[in-house]
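Single-structure report; data block below.
The values are calculated or read from the model by the stated rules, or taken from the named source; none is laboratory data. Source: prediction; values computed, not measured. Cβ placement follows ideal geometry from the backbone for every residue including glycine, while neighbour counts extend to all protein chains displayed. In case anyone asks, the SASA skips ligands and DNA or RNA and just uses the protein heavy atoms, side chains included. Shrake-Rupley method; radii C 1.70, N 1.55, O 1.52, S 1.80 Å.
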Amino acid sequence: LTQAEQRITGRARLAGVLGWPVGHSRSPLLHNYWLRRYGVDGAYVPLPVKPEDFATAVQGLKAAGFRGANVTIPHKEAAYRIADVLDESARRAGAVNTLVFEADGSIRGLSTDGDGFVASLKAEGLKLARLDRHGGLAQPHALLLGAGGAARSIAAALQATGMRVSVTNRTRDRADALVEALPGLGVCPWEDWEKALGAYDLLVNTTSLGMEGGPDPAFCPSLKAAGRGLVVADIVYVPRKTPLLAEAERQGLQTLGGLGMLLHQARLGFLEWFGVNPEVDDATRDYVLRG
Ligand code: ATR
């Protein structure tokens, strides 16, 4: 770090991350990096809070003058319930990962995951325009692998950009439940999605398949049926290049790793609490990856 030194005065702005456990979270590292980089008088701390203590902890942070907090496993549903006001992003996602304590005492809940994904896609300059048979622009179509919380927030954010979105999930019931929550969503049977890839412009793995230490780190589906313009994205960022992304590169497809989404969703919270829109660049990526 060569820029401004860390400043924590009596007027410091405070935020943190509530989780149980929370020791693995990279958020403190990232936010304190940005605080130093932009010379902001503030601090961001890990807050290990048991599920049964969540509401007490939130009220305590609010009473202590915190600006807000990130919320991670297992508190996302409790955070949704505790918010007095839900942003459009949180309503769409049915979840809250960011709390903002407003000056009037109310608690605002946001879901920054989906918007973080869309911001990451845009920041990388990946354009999803495709031409229809008459040479005009057709509505791009995204396929999401998975139907959990991450899938819901990304699907909702992509729909909000005007994209057509479908999901495919090992457990069909969960895909159907997602369609109930997000009208207009399509479903592709899990057995068929590899063969059906030619119909899509964007593929997003929202599961932990391919993650180091996850259920199947070697996860590498066939992308043979993909069209040339397909963008392949993964929300997994450890390893940085998952087998899925490596396969996409071998096929000459455009790829997007998961680190960008992590950083952009954090950026949205940072802006809310600290009033600065921090840059997501290579220096930030390197710093967070070094751990
Ligand atoms: P999150 O909220 O982070 O998205 P989640 O709700 O646990 O996490 O969802 C995990 C997703 O990964 C689900 O879509 C899950 O599929 P199921 O609904 O069939 O469980 C998917 N997933 C996890 N392990 C998987 C595996 N081995 N094969 C296929 N899908 C898997």
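Tabulated data
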item: Filtered residue count, region 209-223, keeping only those that are out of contact with any helix residue (DSSP H, G or I) (no Cβ under 9 Å at 6 or more places or on another chain) and under 15 Å from Leu245 (Cα atoms); result: 3
item: Out of Val100, Val58, Val118, Val96, sole residue that is open to solvent by less than 20 Å² (accessible area, probe 1.4 Å), assigned to a loop (DSSP other than H, G, I, E, B) and in contact (Cβ under 8 Å) with a residue 24 or more places away in the chain; result: Val96
item: Test: residue in region 76-84 that is open to solvent by 20 Å² or more (accessible area, probe 1.4 Å), outside the structural domain of Thr206 (by TED's automatic domain parsing) and outside any helix (DSSP H, G or I); result: yes
item: Only listed residue being out of contact with any His (no Cβ under 9 Å at 6 or more places or on another chain) and more than 9 Å from the ligand (Cβ to nearest atom), chosen from Pro215, Pro221; result: Pro221
item: Complete set of residues in region 151-177 that are near the ligand (Cβ under 10 Å from one of its atoms), in a helix (DSSP H, G or I) and surrounded by fewer than 23 Cβ atoms within 10 Å (Cβ to Cβ); result: Arg172, Asp173, Arg174, Ala177
item: Residue within region 122-141 that is touching a residue at least 12 places away in the same chain (Cβ under 8 Å) and within 16 Å of the ligand (Cβ to nearest atom) present; result: no
item: Residue that is most open to solvent (accessible area, probe 1.4 Å), among those in region 205-242 that are assigned to a loop (DSSP other than H, G, I, E, B) and charged (D, E, K, R); result: Arg228
